Amino acid sequence: MMPAPVVVTEDLTKIYRHQVAVDHLSFTVNEGEIFGFLGPNGAGKTTTLLMLLGLTEPTSGRARILDIDPAREPIKVKAKVGYLQENMGFYSDLTARQMLRFVADLNGIGRREAEARIDRALTEVGLADEDPPKKIAAFSRGMRQRLGIAELLIKDARVAFLDEPTLGLDPDATQRITDLIRRLAREQRMTILLSSHQLHQVQKICNRVGIMIRGRMVANGPIDQLAREKFGVDREEFTLEEIYMKYFLEG
Amino acid sequence: MKGLAAILNKELADHFASHRFVILFALIAMVSLITAYMVGIKIREVEGQLKPQFVFLLLFTEPGAMFSLVQFVAFFGPLVGLILGFDSINRERNEGTLSKLLAQPIYRDVVINAKFLAGVILIGVMLLSIVLVITGLGLVLVGIVPGAEEIWRIFIYLVISVVYIAFWLGAAILFSIVFRSTATSALASLAVWIFFSFFVTIGASILANTLASDAELNPQSAARKVEWVKYVVLASPMELYSEATATVIDPLRKSTRSTLPLGPMEAISMTRFSGPLPLAQSILVVMPHIISLIAITVICFALSYTVFMRQEIRSL
């Protein structure tokens, strides 16, 4: 059985004033897939994610997430999609539990259901054993990222957009986050768009990558396929980094 | 509206827990207590010598050592609104929580509505408690129970005051949307407050002097000059508020301001009608003021609403 496409874009284009940020972008991500969304800074990755969330309107083209048009029904999309932005903000004088309660309230989840989900999510990301509970201000970067993932679990997101989830983390924290991401895709069948510059990790956890340069997607496919296309040999001999640089220099 | 209650709850909790609010509240409570106390003492001293009607309202209108409570609210009330609002949007933007909020399944306007509403509720609670404290103190000091009409007048005064401070809150929220840095929006709010509290009045008399330069010689143009000042000064919300509340809280005032000095005959005829105005008439006199005050508050909020809704997310 073919996995169902969850994120679909057709000729998605965004023009800011006179600058083309995203240029006729078409790609598909299937259910339960971890899609590596790569590209240099300013390539239009974040803009694409914002359009997929319905936070900004595309100039032309279409996007569909779980068969919903984010430009028309952003609220429905945002109920099912979790977004972990780069430099994610938290209300630093709340505790993890209070923060998650607030997210649950915003998603209209009832009190009792929310508490059950919060307990489960905190255990899942390993933030449950805080006693007395710390304020988020005292959290390390890794803990904040894990709290961000707990937010996805609270709203029971079907799709997650993760923007640099492992940036600036120590190896141990990075390991925990990548394990979590893998588990989300495997156990919850969550569809994940992972945007990152840490190609080493991307190579480890992504089923497929897309490379975006100046608003266009110049490559899209499993890593070994891209290696074959560019170098004519199998993935074993080339890291994603080398493939990426090759595309980047040509682009 | 989905999410409104959630954000409203959080905003209120934040406000009540903040040091800023505690300090502000302490300051205002202190000033109003002292003012009411001094007025209460003064009223007791003159007991028996004269029996003005509506003694109770004197607690609010009679300047104690420096200013009456009504004057105090007119002058410092704006600061409360500004302090509650000047960083409401840009702080969230700088901390990266705004885009997180907007990535949740809520409409964008819920954020700004909840913030404005939380501020208004807070202002209401603040003013109500101050008025209640003064009323209680008044009961103890003066020993007179306020009549129904006095209570109505105080209540209407309270409502007008909330609208007035909400206007400043709206202005501060507007600045917090337009300016990215909280320091800039704080400064801009202060600048507007200073402009309206000092410069409009000065500007009005300068303008009137130029427009009616022969006021010394010509009684007609002297009258015109007064008219001019009267209209220009209304550009200041502070003046609008002072005039609106003065008549509501003081039943002996018949118009929003004293006009030209009266001749002796007119003065005599005025004293014949020195009884208090009924409440409905007092309100009628200042109805245009009240409506203008509500209008500028609504306009101010609508402006912030529009700017916020049209802002490109990328710049959030």
*Give the number of residues within the range A:156-189 that are out of contact with any strand residue (DSSP E or B) (no Cβ under 7 Å at 6 or more places or on another chain), on the phi > 0 side of the Ramachandran plot and among the acidic types (Asp, Glu).*
1
*Scan (1) away from every other protein chain (no Cβ under 14 Å); (2) on the phi < 0 side of the Ramachandran plot for the single condition residue A:126 breaks and write down its number.*
(2)
*Evaluate the range A:37-54: report whether one residue or more is at the interface with chain B (Cβ under 10 Å from one of its Cβ atoms) and either more than 28 Å from residue A:205 (Cβ to Cβ) or part of a strand (DSSP E or B) (or both).*
no
*Of all residues in the range B:66-110, which are of a type in the set (S, T, N, Q), in contact (Cβ under 8 Å) with a residue 24 or more places away in the chain and within 14 Å of another protein chain (Cβ to nearest Cβ)?*
B:88, B:90, B:94, B:99, B:104
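With the structure loaded, tell me whether residue A:155 is touching a Ser or Thr at 6+ places or on another chain (Cβ under 8 Å) and farther than 30 Å from residue A:244 by Cα or whether it fails that test.
no
Please give the helices (runs of 4 or more DSSP H) falling wholly within the range B:64-179 in which 2 or more residues are surrounded by fewer than 17 Cβ atoms within 10 Å (Cβ to Cβ) and over 12 Å from the mean Cα position of the chain (by Cα).
By residue number, B:90-95, B:108-142, B:148-178.
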*What single numbered condition from (1) away from every other protein chain (no Cβ under 12 Å); (2) on the phi > 0 side of the Ramachandran plot; (3) of a type outside the set (Phe, Trp, Tyr) fails to hold for residue A:95?*
(2)
*Of all residues in the range A:99-148, count the ones that are under 27 Å from residue B:111 (Cβ atoms), out of contact with any strand residue (DSSP E or B) (no Cβ under 8 Å at 6 or more places or on another chain) and not in a helix (DSSP H, G or I).*
6
*Condition broken by residue A:62, with the remaining ones in (1) more than 9 Å from every other protein chain (Cβ to nearest Cβ); (2) within 19 Å of the chain's Cα centre (by Cα) satisfied*: (2)
*Within the range A:65-80, can you find the residues that are more than 8 Å from chain B (Cβ to nearest Cβ) and touching a residue at least 40 places away in the same chain (Cβ under 8 Å)?*
A:65, A:66, A:80
*Name every residue in the range A:98-129 that is surrounded by 14 or more Cβ atoms within 10 Å (Cβ to Cβ), among the charged types (D, E, K, R) and over 23 Å from the mean Cα position of the chain (by Cα), in order of residue number.*
A:115
*Would you point out the residue of the range B:211-235, among those that are closer than 22 Å to residue B:292 by Cβ and of a type in the set (D, E, K, R), that is nearest to the chain's Cα centre (by Cα)?*
B:230
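Residues checked against (1) over 13 Å from the mean Cα position of the chain (by Cα); (2) surrounded by fewer than 22 Cβ atoms within 10 Å (Cβ to Cβ); (3) at pLDDT 90 or above; (4) more than 17 Å from residue A:85 (Cβ to Cβ):
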{"residue": "A:149", "(1), (2), (3), (4)": "no, no, yes, no"}
{"residue": "A:154", "(1), (2), (3), (4)": "yes, no, yes, no"}
{"residue": "A:162", "(1), (2), (3), (4)": "no, no, yes, no"}
{"residue": "A:191", "(1), (2), (3), (4)": "no, no, yes, yes"}
{"residue": "A:194", "(1), (2), (3), (4)": "no, no, yes, no"}
{"residue": "A:198", "(1), (2), (3), (4)": "yes, yes, no, no"}
*Which residues, taken from the range A:200-216, are touching a His at 6+ places or on another chain (Cβ under 9 Å) and crowded, with 22+ Cβ neighbours inside 10 Å?*
A:215
*Identify, please: which residue in the range A:56-85 is within 20 Å of residue A:163 (Cβ to Cβ) and touching a Pro at 6+ places or on another chain (Cβ under 7 Å) and is, among those, surrounded by the most Cβ atoms within 10 Å (Cβ to Cβ)?*
A:78
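The values are calculated or read from the model by the stated rules, or taken from the named source; none is laboratory data. Nothing here was measured: the structure is a model prediction, and the numbers come from that model. Neighbour counts are summed over all protein chains in view; Cβ atoms, including those assigned to glycine, are modelled from backbone coordinates with ideal geometry.
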